[in-house]
1. Name every residue in the stretch 139-154 that is polar (S, T, N, Q) and more than 14 Å from PRO103 (Cα to Cα), in order of residue number.
2. Take the residues in the stretch 78-95 that are small (Gly, Ala, Ser) and modelled with pLDDT under 95, then tell me which one is surrounded by the most Cβ atoms within 10 Å (Cβ to Cβ).
3. Within the bounds of the stretch 80-87, is there any residue that is in a strand (DSSP E or B), touching a Lys or Arg at 6+ places or on another chain (Cβ under 9 Å), in the same structural domain as GLY163 (by TED's automatic domain parsing) and farther than 25 Å from ALA146 by Cα?
4. Any idea which of ARG141, ARG173, ARG124, ARG182 is part of a strand (DSSP E or B) and out of contact with any strand residue (DSSP E or B) (no Cβ under 6 Å at 6 or more places or on another chain)?
5. Do the conditions hold for GLY115, that is, is it in contact with a helix residue (DSSP H, G or I) (Cβ under 8 Å, 6 or more places away or on another chain), at pLDDT 95 or above and surrounded by fewer than 17 Cβ atoms within 10 Å (Cβ to Cβ)?
6. One residue is enough: does the stretch 148-169 have a residue meeting the conditions touching a Ser or Thr at 6+ places or on another chain (Cβ under 7 Å), closer than 22 Å to ARG68 by Cβ and part of a loop (DSSP other than H, G, I, E, B)?
Amino acid sequence: MRKRWIALGAVVGLGVVVHLPPVARMFAHDGSGGCPFGYGAAPRTASHHDGPSARSRPALGLALGKARADDVERWASDRGATCATQHGGALVECNAIADGALPVTTAWFRFDVDGALASVQTTRHAVAAAPVADVLASTQRELTEALGAPAVRSGDVASIGEGALRQASIEYRFADYRAVVRATNMRGGFLLTESYEAI
């Protein structure tokens, strides 16, 4: 029991340390100082307005700017998820989404003032590195087929099992769209986060 409490304390302490602004900036791919693991609100600062527009704006098989709440509800229902609407319908949170070999633990769907899907964020957890690496690789293939090569690649997904806070990420940047997929070694397991945002 004592070892469990020590391990829990270490994980909590690690979580606090990596969210300190200087440390978070070091681990966040964009230097924003936000959560390095992809939690929290979708980033609202867009620095890519001068680039080309995306050919499409995919997000888990949904289209940002086009999908509506009923599209998200059908998508989630088809995957056995349980969802709850928040903030007067501006946000939908879904849990336990069956999506391939590694289920989505939680997904947040945010809608703009016109009711169109504006952003999607997800988290997936695994006890081993392989399922997380597989999802990152398959997501990169799908996004690259739809959008072209990622603008930024960081880290090596093959090495995330080598130590705590090892990360690998891919990012797609356009004037009207941003997608970031990141795998992180959380020491006691592995986390995959996805962020898709219409800009």
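1. Correct list: GLN140, THR144, SER154.
2. Restricting to residues being small (Gly, Ala, Ser) and modelled with pLDDT under 95, the top hit is GLY89.
3. no
4. ARG173
5. So GLY115 passes the test.
6. Within the stretch 148-169, not a single residue is touching a Ser or Thr at 6+ places or on another chain (Cβ under 7 Å), closer than 22 Å to ARG68 by Cβ and part of a loop (DSSP other than H, G, I, E, B).
Matching residues to (1) of a type in the set (A, V, I, L, M); (2) touching a residue at least 60 places away in the same chain (Cβ under 8 Å):
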residue: PRO103; (1), (2): no, no
residue: PHE109; (1), (2): no, no
residue: VAL132; (1), (2): yes, yes
residue: SER138; (1), (2): no, no
residue: ALA149; (1), (2): yes, no
residue: SER154; (1), (2): no, yes
residue: VAL157; (1), (2): yes, no
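Every residue, every condition in (1) modelled with pLDDT under 95; (2) surrounded by 14 or more Cβ atoms within 10 Å (Cβ to Cβ); (3) on the phi > 0 side of the Ramachandran plot; (4) hydroxyl-bearing (Ser, Thr, Tyr), yes or no:
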| residue | (1), (2), (3), (4) |
| --- | --- |
| ALA101 | yes, no, no, no |
| THR105 | no, yes, no, yes |
| TRP108 | no, yes, no, no |
| PHE111 | no, yes, no, no |
| ARG141 | no, no, no, no |
| THR144 | no, no, no, yes |
| VAL152 | no, no, no, no |
| GLN167 | no, yes, no, no |
| GLU171 | no, yes, no, no |
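The values are calculated or read from the model by the stated rules, or taken from the named source; none is laboratory data. The structure displayed is predicted, hence computed values, not measured ones. With ideal geometry, Cβ positions are generated from the backbone for all residues, glycine too; neighbour counts draw on all protein chains shown.
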